[in-house]
Ligand SMILES: *Cc1c(COP(=O)(O)O)cnc(C)c1O
């Protein structure tokens, strides 16, 4: 067996004639644009907001390409990573027939997106140290498995998956392997986005929502082979990234030095908070973090969660999640916020 992209794509997507917008059909120079039923008089906002945005976001991709070292043709942009997940499922998974594999505990949107699309979800639970269970994955794979979603660093456990395990999945599964790297900027390990030419079945997802500090813009990234990117472009809504987001993302990428400074500060705060919290008797375990949050096991998770709420501090209660029993997920805040958290947790009886 070997990888054959064509055999993975849904029949209706193979046959699909994608929507052709006015912006797709005319790309030359002109002064008078009467082809898209826009308001030619202008807009109450910035002048050019009366015009539809670039459907393929070329300027954003060119700048991102220079930063990430990934060619423009290997980049897809989504309205958040959540849209990338949805587009991948709709491109490859026939509802009611095909399935995806996820490795819980992990990010909730893979399951939700599959459920919305009526695509079955098979689970290959992580091991007790939150690594891939390669045997469980092998057992879960069947002839209708189209996508395996891996998340590294993983949410909510915060650790990175072992690279050799991820490579084993990439080498032995002939469907699509998605590696969600939403937290890669906080990690000690290197991205898989430089391995696209090695693995035709690889999709790497990143996002502007975490390290870049732009969760409100809704801008997610998928890196993959040109062939996969072309399929995703066919399936996505024509104008999925709005003009304001495209402009603000371009501007944000000029601020990469500030972003790198913030990453350094967050990683420093993470280590500081880890040392402090590990001294508290109520804290049973702080799991290793390659992300901007911790999974923390405490003596009375529900009680601690409510106590923190009463102090105006909201964390995520993950204590009912399999393998995360008794755990809270705590995002690294500002220095001041982390001090508040520490003192609140220290005063919990
Ligand atoms: C936060 C997060 C994302 C980001 O999703 P966006 O839709 O881009 O905001 C993606 N994957 C994981 C695992 C996350 O935790």
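The values are calculated or read from the model by the stated rules, or taken from the named source; none is laboratory data. Note that the coordinates shown come from a computational prediction; the quantities given were computed from them, not determined experimentally. All Cβ positions, even for glycine, are placed from backbone atoms using ideal geometry, and neighbour counts span all protein chains on display.
Data table
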read-out	value
Residue 118 being within 16 Å of the ligand (Cβ to nearest atom), assigned to a loop (DSSP other than H, G, I, E, B), in the same structural domain as residue 202 (by TED's automatic domain parsing) and at pLDDT 95 or above	no
Selection count, the range 87-111, where residues are in contact with a helix residue (DSSP H, G or I) (Cβ under 7 Å, 6 or more places away or on another chain) and assigned to a strand (DSSP E or B)	3
Residue that is surrounded by 12 or more Cβ atoms within 10 Å (Cβ to Cβ) and on the phi < 0 side of the Ramachandran plot, where the choices are 32, 70	70
Subset of the range 3-19 [within 16 Å of residue 238 (Cα to Cα) and either in contact (Cβ under 8 Å) with a residue 40 or more places away in the chain or not assigned by TED's automatic domain parsing to the domain that holds residue 226 (or both)]	13, 16, 18, 19
Every residue from the range 207-216 that is surrounded by 19 or more Cβ atoms within 10 Å (Cβ to Cβ) and not in a loop (DSSP other than H, G, I, E, B)	207
Scope the range 62-85; condition within 16 Å of the ligand (Cβ to nearest atom) and touching a helix residue (DSSP H, G or I) at 6+ places or on another chain (Cβ under 9 Å); matching residues	64, 68, 75, 76, 77, 78, 79, 80, 81, 82, 84, 85
Test: residue in the range 188-199 that is without any contact (Cβ under 8 Å) to a residue 60 or more places away in the chain, assigned to a loop (DSSP other than H, G, I, E, B), within 11 Å of the ligand (Cβ to nearest atom) and outside the structural domain of residue 270 (by TED's automatic domain parsing)	no
Any hit, the range 208-217, residues being at pLDDT 95 or above and in contact with a strand residue (DSSP E or B) (Cβ under 6 Å, 6 or more places away or on another chain)	no
Selection status of residue 342, at pLDDT 95 or above, more than 27 Å from residue 217 (Cβ to Cβ) and in contact with a helix residue (DSSP H, G or I) (Cβ under 9 Å, 6 or more places away or on another chain)	yes
Filter result for the condition that a residue is under 16 Å from the mean Cα position of the chain (by Cα) and crowded, with 17+ Cβ neighbours inside 10 Å, over 170, 196, 219	219
Check on residue 306, free of Cβ contacts under 8 Å to residues at least 12 places away in the same chain, closer than 28 Å to residue 191 by Cα and outside any strand (DSSP E or B)	no
Of all residues making up the range 46-72, the number that are farther than 12 Å from residue 249 by Cβ and in contact with a strand residue (DSSP E or B) (Cβ under 6 Å, 6 or more places away or on another chain)	1
Search result, residues across the range 142-158 that are away from the ligand (no atom under 16 Å from the Cβ) and out of contact with any helix residue (DSSP H, G or I) (no Cβ under 9 Å at 6 or more places or on another chain)	142, 143, 144, 145
Residues within the range 238-255 that are within 15 Å of the ligand (Cβ to nearest atom) and under 23 Å from residue 17 (Cβ atoms), tallied	2
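Quick grid of which residues meet (1) crowded, with 20+ Cβ neighbours inside 10 Å; (2) within 16 Å of the ligand (Cβ to nearest atom); (3) not assigned by TED's automatic domain parsing to the domain that holds residue 92:
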site: 223; (1), (2), (3): yes, yes, no
site: 227; (1), (2), (3): no, no, no
site: 231; (1), (2), (3): yes, no, no
site: 261; (1), (2), (3): no, no, yes
site: 265; (1), (2), (3): no, no, yes
site: 278; (1), (2), (3): no, no, yes
site: 294; (1), (2), (3): yes, yes, yes
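Conditions tested, residue by residue: (1) under 20 Å from residue 286 (Cβ atoms); (2) in a loop (DSSP other than H, G, I, E, B).
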residue: 135; (1), (2): no, no
residue: 138; (1), (2): no, no
residue: 147; (1), (2): no, no
residue: 157; (1), (2): yes, yes
residue: 167; (1), (2): no, no
residue: 171; (1), (2): no, no
residue: 178; (1), (2): no, no
residue: 182; (1), (2): no, yes
